[in-house]
Amino acid sequence: MTVTRETLPAVAGGQPVRSQFLVFGAPLIGEEEIQEVVDTLRSGWIGFGPKSLRFEEEFARYVRAKHGVSVGSCTAGLHLSLIASGIGPGDEVITTPLTFAATANVIEHVGARPVFVDVDRETQNIDPARIEAAITPRTRAIMPVHMAGRPCDMDAISDIADRHGLTVIEDAAHAVEAAWRGKKIGSISKFTVFSFYATKNMTTAEGGMITTNDDAAAERLRILRLHGISKDAWKRYSASGFTPYEAVEPGYKYNLTDLQSSLGLHQLRRIEANLTIRRRHWRAYDAGFADLPAIETPAPARPEERHAGHLYTILLRPERLTIDREQFIEALRAENIGSGIHFTPVHLHAYYRKRYGYRPGDFPNAEEIGSRTVSLPLSAKLTDEDVQDVIAAVRKVVTHYAR
Ligand SMILES: *Cc1c(COP(=O)(O)O)cnc(C)c1O
């Protein structure tokens, strides 16, 4: 092959495929969000209030849950769900190592022990067939993560939880639009927690939502997320008059604000339209990489699952390349394409190695995925031209460095 300026990677001195850096996970913010934020700013009520309550109702309706309890982040929501489940020191919570550190960190926050169970190589989700072997008399809950937006097998997980009397707390940070056998994620387990972080499928910059069908749990969460004071205490400066309040327990400052909910209300209205756009980008990537032996594309969705299409993760085949994953990411960056890694398995993070003695080799599937995975930009903000740039950059790099 002759090396021209078009085929020479920028990292080796060639021309980048584009001149402007493509930010990984840039959100699509519409004029409606901007107007709503301005309206909130002018209203005199920017903290937790009527817009957040409306957002909770509309979100719960979308995921077909009875209650939505808004919180400052998915992390805060997971933490509160553990507290509301009565989980504390001496308890164990089963989760996946292939997740963001927050999933395990919150288990540490309540003084419990995260017990990791390896993932399925295809779905990248916690492998239900391995869960029962990890259950001990101290196990209290299972925290599955719907990796990249692909729903876990919630029939298998709910069945195990029921048989062992465990609470299920779903980390649905990637999975607002997902469903398992026609059941929306958010409507199935005692607690499901969503993230509205800047890079997620919908965003309030920072934010999250807990959904539950349990009236008492919803009530407790509403108290816990706002200082442990009675549930309408946020009205204490409103026109409805001073509401007396008292702390019934030492709660947290974990509320969302109306400023953030202004974004959420309109992000939610466009959630399905944005998924349609990301599905188009997804298909373009599948077609663009189909003939590249150095790249494994995501496994197709199974008939039982509605995939929320949060992350398009490719797996590099190291034996087919002369560069490693970090060099590949650096080469993409030189082409002005941002990318991500989801995830470095949590058991290999410094804290978890030190605290529990975890070592490489403990969870081989998660480690193999964690060492080979690269997430390509998939935001609804991307144009078809942006997606073609990503494809061109990936093709150029893997072709040049093919072994
Ligand atoms: C982003 C993310 C979180 C944390 O969400 P925040 O809203 O930032 O707290 C938790 N779990 C997973 C799997 C995530 O990707």
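The numbers here are math on the coordinates, done by the rules we state, and not lab data. Owing to the predicted nature of the structure, the values given are computational and were not obtained by experimental measurement. All Cβ positions, even for glycine, are placed from backbone atoms using ideal geometry, and neighbour counts span all protein chains on display.
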Listing 74, 152 by rising number of other beta-carbon atoms within 10 angstrom, fewest first, gives 74, 152
Region 157-311: antiparallel bridges as % of DSSP beta bridges, rounded to 5, reads 75
From the cross-link list 190/381; 200/354; 51/184; 66/200; 51/200; 184/253, the entries with a Cα-Cα span beyond 27 Å are 190/381; 200/354; 184/253
Descending packing, highest mean Cβ count within 10 Å first, for 257-265, 393-401 is 257-265, 393-401
The residues 347, 67, sorted from fewest to most surrounding Cβ atoms within 10 Å, come out as 67, 347
Given 180-188, 370-378, 138-146, 203-211, the highest-first ranking by average Cβ count within 10 Å works out to 203-211, 138-146, 370-378, 180-188
In whole angstrom, the spacing between the Cα centers of region 130-175 and region 330-403 equals 26
Most exposed first, judged by fewest Cβ atoms within 10 angstrom, 39, 171 run 39, 171
With the 8 Å Cα cutoff and a minimum separation of six or more residues, region 66-158 has a relative contact order in percent of 29
Relative to the chain, whose Cα atoms define the longest principal axis, helix 384-400 and its Cα axis are tilted in degrees, nearest 10, by 50
One would report the antiparallel percent of DSSP beta bridges in the chain, rounded to the nearest 5, as 60
Asserting the computed 222 nm helical MRE of the chain (DSSP H runs at least 4 long, -39500 (n - 2.57) per run, divided by residue count, to nearest 500) equals -11000 deg cm²/dmol
Protection proxy (average C-beta count within 10 Å per residue), highest first, orders 288-294, 313-319 as 313-319, 288-294
If one compares the long axis through the Cα atoms of helix 31-43 with the longest principal axis of the Cα atoms of the chain, the angle in degrees, nearest 10, works out at 30
Each label sits 7 Å from Cα toward the beta-carbon; between residue 20 and residue 156 the label points are separated, in nm, by 4.4
Longest principal axis of the chain (C-alpha) makes with the long axis of helix 271-289 (C-alpha) an angle, in degrees to the nearest 10, of 20
